[in-house]
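Input: a single structure, listed below in structure tokens.
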Amino acid sequence: MTAEFERRHGYPPSTNQVRSADPDDRAAARALADLDLASADLVTLYDSIGDIVWADVGNGYFVDPVPDVLLRLKEYGVVGDGTGEEARGLVIGSNGGGLCYVTGPSGAVYRTRTATMDEPELDRVADDPRQFLELLEQSLTRFVANGEPGYL
């Protein structure tokens, strides 16, 4: 993507990477597991992937590092995870356009409809973190092929 980016868009690419988890990320993933707010799949993801930053794919796609997820949890608490049950969701990233990705113990991933986290309305975008990553990959592939990032 970055090899052709400047020619296609007229300016150099920003940060676009999938960063491997480091020891601090892995320790934070274990702390997340202890809170019982995340699915085992999300903890496994964070044990391998530190974060995803695709700043140039559409408005951008971001899966936040788990230390940031934990800090946001400490500062703002949990949010509704779209299940209609007790609020237990975690904000794990955003689409760069102000919409956030939220997941909870069920593993399903939701996207907010608006940029506010005050009583967010959520749409389910993936059944689990694996499907969410597959949708991100499809968005990147589509962007490389035709410049359109898709709907995620």
Please identify the helices of the chain, taking whole runs of DSSP H, that span at least 18 Å along their own axis as judged from the Cα atoms and have a mean Kyte-Doolittle score of 0.5 or higher. none
Need the full-extension length gain, Ser14 to Val144, defined as separation in residues times 0.36 nm minus the C-alpha distance. One decimal, nm. 45.3 nm
Order the peptides 123-135, 50-62 from the highest to the lowest mean number of other Cβ atoms within 10 Å of their residues. 50-62, 123-135
Roughly how many nanometres apart are two label points built 7 Å out from the Cα toward the Cβ at Glu6 and Leu35? 4.0 nm
Mind giving me the FRET efficiency for Glu121 and Asp68? R0 is 25 Å, r the Cβ-Cβ distance, nearest 0.05 is fine. 0.60
Using 0.36 nm times the number of residues separating Ala55 and Arg26, minus their current alpha carbon distance, what extension gain do you get? 8.1 nm
Three-way shape label, region 18-152, alpha-carbon gyration tensor, a/c 1.5: oblate
Given the Cα atoms of region 83-152, and with Rh set as the inverse mean 1/r over their pairs in the Kirkwood sense, what is Rg to Rh to two decimals? 1.00
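Read-outs: derived from the displayed coordinates by stated rules, not from any lab. Since the model is a prediction, treat every value here as computed from it, not as a measurement. Glycine gets a Cβ as well: all are built from the backbone with ideal geometry, and neighbour counts include every protein chain shown.
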